[in-house]
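To start, the structure itself, in structure tokens.
The values are calculated or read from the model by the stated rules, or taken from the named source; none is laboratory data. Note that the structure is a prediction, hence the values are computed from the model and not measured. Every residue, glycine among them, receives a Cβ derived from its backbone with ideal geometry; neighbour counts consider all protein chains shown. Calculation scope for accessible area: heavy atoms of the full protein, side chains included, ligands and nucleic acids excluded. Shrake-Rupley method; radii C 1.70, N 1.55, O 1.52, S 1.80 Å.
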Amino acid sequence: MGCLGNIIWFLCGGLWQGIGWFFSGVIWCITIIGFPIGKQCFKIAKLALSPFGAIIVEK
């Protein structure tokens, strides 16, 4: 079910969310001060592309 859910999610808007978070991360990483925020944007972009079956671990 996870694979099917990810495919449906990807086709119905997950791709655009992933691209949006990726470009947001690129813009945040332009400055040294924004680099930690940009790094988190890249993690959210990865999660936006395939959320089903992903495990979020709080450190």
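Can you give the helix-only mean residue ellipticity at 222 nm for the chain, where every DSSP H stretch with n ≥ 4 adds -39500 (n - 2.57) and the sum goes over all residues, rounded to the nearest 500 deg cm²/dmol?
Helix-only estimate at 222 nm: -19500 deg cm²/dmol.
Listed highest first by mean packing, meaning other Cβ atoms within 10 Å per residue, what order do 43-51, 7-15 come in?
Taking the mean over residues of other Cβ atoms within 10 Å, the ranking is 43-51, 7-15.
Tally up the carbon and sulfur contribution to the accessible surface of the chain as a whole percent, 1.4 Å probe, everything protein left in place.
Accessible surface attributable to carbon and sulfur in the chain totals 77 percent.
First select every other residue whose beta carbon is under 14 angstrom from the beta carbon of Pro36; then total the charges, Lys and Arg +1, Asp and Glu -1.
+3
Rounded to the nearest whole Å³, what is the per residue volume of the convex hull around the Cα atoms of segment 10-49? Could the numbers behind the result be given before it?
On the way: hull volume 1.3 nm³, N = 40.
Roughly 32 Å³ of hull volume per residue.
Leaving out ligands and nucleic acids, note down the accessible area per residue over the chain with a 1.4 angstrom probe, in whole Å².
Here the per-residue accessible area is 82 Å².
Between helix 35-49 and the chain, what is the angle of the helix's C-alpha long axis to the longest principal axis, kept within 0 to 90° and rounded to the nearest 10?
For helix 35-49, the angle is close to 10 degrees.
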